[in-house]
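Working notes, beginning with the structure itself.
Values quoted throughout were computed directly from the atomic coordinates according to the rules given, and no laboratory measurement underlies them. Quantities reported herein were computed from a predicted structural model and do not represent experimental measurements. Every residue, glycine as well, gets a Cβ built from its backbone with ideal geometry; the counts of neighbours run over all protein chains shown.
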Amino acid sequence: MQSPARARFAAVVTAPEESIDLAEAALLIAADEYDAERRAPRAATEVADYVDRYLRELDQLATAAGNRIDAVVTARRPLALIDYLAGECGFRGNQDDYYDRRNSYLNDVLDRRLGIPITLALVYIEVGRRVGLDIQGVGFPGHFLALHQSSDRESQTIIDPFFGIALDEEGCADRLRAVAGPDAAFDPSLLSVASTTQILVRMLANLKMIHLRSKNLERALACCERTLLVIPDLPTELRDRAALYLQLECFDAARRDLERFLEIAPHHESAELVHGELVKLRADGPALH
């Protein structure tokens, strides 16, 4: 049975894309994670109180940010937001312990003012929205960014929340080369806006990687399950969940995921490997459970 936090997350992310509350969904990921860590799910009312507390924190940040932003000319307002969140509030990337799982939990990011690019970008998105700045997430390779475009689409501000600075295209190219190698070529298409579901899926992918690094298979599995609530039948996530099921010796569940993967993505580049795994799994039929 789903915990109250997981059930509420499912209700939030199955709404139409434009109705998904990104901050609430992110907070519910953290709530579900902490419930799993304590092995003691909170009641629905406790989850609601927890979410409301941190949504109010975002409201308070926005109230203070609005006072600064209203005092500058329109073109400088995104820069004023950076100055406030990074300069005054101290939101910054955790360069000392990048893979600390707390960097992926929005409540901890708000409490500690430390995070990774995507969770820090979420703070900019949510505070920006509350003060009338349309800040969007950008699924830049290896280093999530945020973007503000002027209402006339004539100018844009590229925000690197991890370092609390604005970037030009050369700065973006530097970021790309840092993660993809010195020969990587920057293209403006890499600054495409990420949808709410894409942001959530990327957050969960980061968190899954953190759990895999620490060999916590059950927590990694929970990330797969949440991702499949966001995008049901996402082929690569079915494949990854099957791999985790196999390691956890949940063979029948693994078989179902592998079969579903091949049903919906028969021409995927990993389909041959998946088929081989499925053949082996079926051959070991008596061990299924």
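What the table below lists for this structure:
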read-out	value
Net +/- balance of residues flanking residue 168 in space, Cβ distance below 14 Å, scoring K and R +1, D and E -1	-3
Point-charge dipole on Cβ atoms (K/R +1, D/E -1) for the chain, about Cα centre, debye to 20	600 debye
Cα coordinate range in the range 105-160, projected on the principal axes (Å, largest first)	36, 27, 11
Rounded D (µm²/s) - the range 41-147, Kirkwood Rh over Cα pairs, Stokes-Einstein at 10 °C, 1.306 mPa s	110 µm²/s
DSSP H segments from the chain that extend 15 Å or more along their own axis, Cα-based, with Kyte-Doolittle mean of -1.0 or above	22-38, 44-69, 117-130, 169-180, 196-213, 217-230, 235-247, 251-264, 271-283
Percent of alpha-carbon pairs separated by more than 33 Å within the chain	28 percent
Binned Cα-Cα distances of the range 212-289, short to long, each 5 Å bin given as a whole percent	3, 17, 28, 23, 19, 9, 1
